[in-house]
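First the structure, in the form of structure tokens, and then the observations on it.
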Amino acid sequence: MQLDFQTREITVKLVYYGPALSGKTTNLQAIHHLATPEARGRLMTLETRDDRTLFFDLLPLTFKQGSINMRLKLFTVPGQVMHSATRRLVLQGADGVAFIADSQKAETRANAAAFADLRQNLADNGLDLSTLPLVIQFNKRDLPDVRSDAELEQMAKLGKEPVYKAIATRGVGVAETFLGLFDLIWAKLEREHGFAAKFGLDGALMHAEIARHLNLGAYNSITPPPESRR
Ligand SMILES: Nc1nc2c(ncn2[C@@H]2O[C@H](COP(=O)(O)OP(=O)(O)OP(=O)(O)O)[C@@H](O)[C@H]2O)c(=O)[nH]1
Ligand SMILES: [Mg+2]
């Protein structure tokens with residue numbers, strides 16, 4: 001987190017982590033598509049031809065409350081196993097992580113390996129999974145042979161992290177995941193820095209502001225999903 005008192009700007013870093021092809025880049029594309037023009041910055045993606053992130057993607061979002069600007073920088077890591085050093089670099093200074101898992105049963109081991117890799121890369125950055133705001137998204141719910149809803153519910157019950165279901169290509173569950181992570185980050189910043197008193201900020205108001213700018217619930221039959229606009 002960065003505080004700039006002169007410009008009255010708070011900058012927070014969110015990292016989308018997970019195995020290769022789980023839909024991290026697609027989550028950012030969907031948020032970019034959902035966000036109002038005032039809130040969204042330019043989406044920067046660095047990809048190879050086959051859709052795979054080589055370095056990272058970055059989407060900056062800005063939300064206002066009174067005279068305070070809240071800047072949220074969303075990064076993705078490249079999921080392919082060989083890019084571990086890049087993932088470690090992107091994780092530096094992260095305020096929170098959205099772990100994007102692939103719901104397909106065949107990807108269960110890849111999810112677990114990516115989670116172990118997250119734990120290691122966090123430790124290498126002096127960050128700790130037990131104190132870092134973390135949400136988990138099970139993406140690709142539209143595909144056959146995915147882990148069941150009951151299984152995910154059980155997992156959510158056993159773990160402390162919020163679990164979201166998503167179809168990122170249709171923008172389903174994407175804003176919810178993002179807002180869930182924002183809430184956890186906000187609660188931690190509030191605990192550690194006393195935001196409310198210091199800046200006269202209200203987390204519930206900021207949450208509502210973000211929800212409004214992401215048109216939460218705006219996807220419907222007349223709104224084209226992001227893949228058709230690529
Ligand atoms: N069916 C389906 N396909 C999806 C969904 N989300 C993403 N995809 C597809 O999965 C492929 C990989 O998505 P990306 O967002 O590029 O995956 P990534 O996690 O960024 O991959 P890396 O950059 O290699 O780590 C693309 O072809 C997406 O269109 C989903 O919810 N359902
Ligand atoms: Mg990617």
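The values are calculated or read from the model by the stated rules, or taken from the named source; none is laboratory data. Bear in mind that the values here come from a model prediction, so they are computed numbers and not experimental data. Glycine also receives a Cβ, built like all others from the backbone with ideal geometry; neighbour counts cover every protein chain displayed.
Does region 38-66 hold any residues that are near ligand 1 (Cβ under 9 Å from one of its atoms) and among the basic types (Lys, Arg), and which are they?
52
Identify, from the list 58, 74, the residue that is farther than 30 Å from residue 151 by Cα, under 14 Å from the mean Cα position of the chain (by Cα) and within 14 Å of ligand 2 (Cβ to nearest atom).
Step by step, each of 58, 74 is checked, and only 58 is farther than 30 Å from residue 151 by Cα, under 14 Å from the mean Cα position of the chain (by Cα) and within 14 Å of ligand 2 (Cβ to nearest atom).
Yes/no matrix, rows are residues, columns are (1) in contact with a His (Cβ under 7 Å, 6 or more places away or on another chain); (2) touching a residue at least 12 places away in the same chain (Cβ under 8 Å):
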{"position": "103", "(1), (2)": "no, yes"}
{"position": "123", "(1), (2)": "no, no"}
{"position": "143", "(1), (2)": "no, yes"}
{"position": "158", "(1), (2)": "no, no"}
{"position": "167", "(1), (2)": "no, yes"}
{"position": "171", "(1), (2)": "yes, yes"}
{"position": "177", "(1), (2)": "no, yes"}
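Taking interchain pairs and intrachain pairs at least six residues apart, which have beta carbon atoms under 7 angstrom, with the first residue in region 14-43 and free of Cβ contacts under 8 Å to residues at least 60 places away in the same chain and more than 17 Å from residue 182 (Cα to Cα) and the second part of a helix (DSSP H, G or I) and among the aliphatic types (A, V, I, L, M)?
Between residues of region 14-43 that are free of Cβ contacts under 8 Å to residues at least 60 places away in the same chain and more than 17 Å from residue 182 (Cα to Cα) and residues that are part of a helix (DSSP H, G or I) and among the aliphatic types (A, V, I, L, M), the close pairs are 43/28.
Tell me which of these residue 53 doesn't satisfy, since it passes every other one: (1) among the β-branched types (Val, Ile, Thr); (2) more than 14 Å from ligand 2 (Cβ to nearest atom); (3) in contact with a Pro (Cβ under 7 Å, 6 or more places away or on another chain).
So the condition that residue 53 fails would be (2).
Of everything in region 142-184 that's buried (at least 18 other Cβ atoms within 10 Å of the Cβ) and among the basic types (Lys, Arg), which residue is farthest from ligand 2 (Cβ to nearest atom)?
Taking the candidates together, the pick is 147.
Which residue is nearest to residue 96 (Cα to Cα), if the candidates are limited to region 179-211 and must be among the charged types (D, E, K, R) and without any contact (Cβ under 8 Å) to a residue 40 or more places away in the chain?
Start the filter on region 179-211 by keeping residues that are among the charged types (D, E, K, R), which leaves 183, 188, 190-192, 198, 202, 209.
Okay, now just the ones that are also without any contact (Cβ under 8 Å) to a residue 40 or more places away in the chain, so 183, 190-192, 198.
Working: 183: 10, 190: 14, 191: 15, 192: 14, 198: 22 Å.
The extreme case among them is 183.
Considering only residues that are at pLDDT 85 or above and over 28 Å from residue 8 (Cβ atoms), look in region 33-50 and name the one that is nearest to ligand 2 (Cβ to nearest atom). Please lay out each step first, then the result.
Within region 33-50, the subset at pLDDT 85 or above is 33-45.
If we keep only those that are over 28 Å from residue 8 (Cβ atoms) too, we end up with 33, 45.
On the way: 33: 16, 45: 8 Å.
Ranking the candidates gives 45 first.
Spot the failing condition for residue 28; the list is (1) more than 16 Å from ligand 2 (Cβ to nearest atom); (2) assigned to a helix (DSSP H, G or I), and only one is missed.
Among (1) more than 16 Å from ligand 2 (Cβ to nearest atom); (2) assigned to a helix (DSSP H, G or I), residue 28 violates only (1).
When the residues of region 76-86 are narrowed to those that are of a type outside the set (A, V, I, L, M) and crowded, with 23+ Cβ neighbours inside 10 Å, which ends up nearest to ligand 1 (Cβ to nearest atom)?
79
So which residues in region 105-134 are polar (S, T, N, Q), closer than 26 Å to residue 149 by Cα and either in contact with a helix residue (DSSP H, G or I) (Cβ under 9 Å, 6 or more places away or on another chain) or modelled with pLDDT under 95 (or both)?
130
Given the criterion at negative phi, out of contact with any strand residue (DSSP E or B) (no Cβ under 9 Å at 6 or more places or on another chain), within 16 Å of ligand 1 (Cβ to nearest atom) and not basic (Lys, Arg), identify the matching residue among 123, 168, 175.
Going through 123, 168, 175 in turn, just one is at negative phi, out of contact with any strand residue (DSSP E or B) (no Cβ under 9 Å at 6 or more places or on another chain), within 16 Å of ligand 1 (Cβ to nearest atom) and not basic (Lys, Arg): 175.
Any idea which of 97, 90 is within 17 Å of residue 189 (Cα to Cα), within 16 Å of ligand 1 (Cβ to nearest atom) and either in contact with a helix residue (DSSP H, G or I) (Cβ under 8 Å, 6 or more places away or on another chain) or of a type in the set (Val, Ile, Thr) (or both)?
Values: 90 fails: within 17 Å of residue 189 (Cα to Cα).
It is 97.
Would you be able to say whether some residue in region 196-215 is more than 16 Å from ligand 2 (Cβ to nearest atom), of a type in the set (S, T, N, Q), touching a Ser or Thr at 6+ places or on another chain (Cβ under 8 Å) and over 18 Å from residue 11 (Cα atoms)?
Yes, region 196-215 has at least one match.
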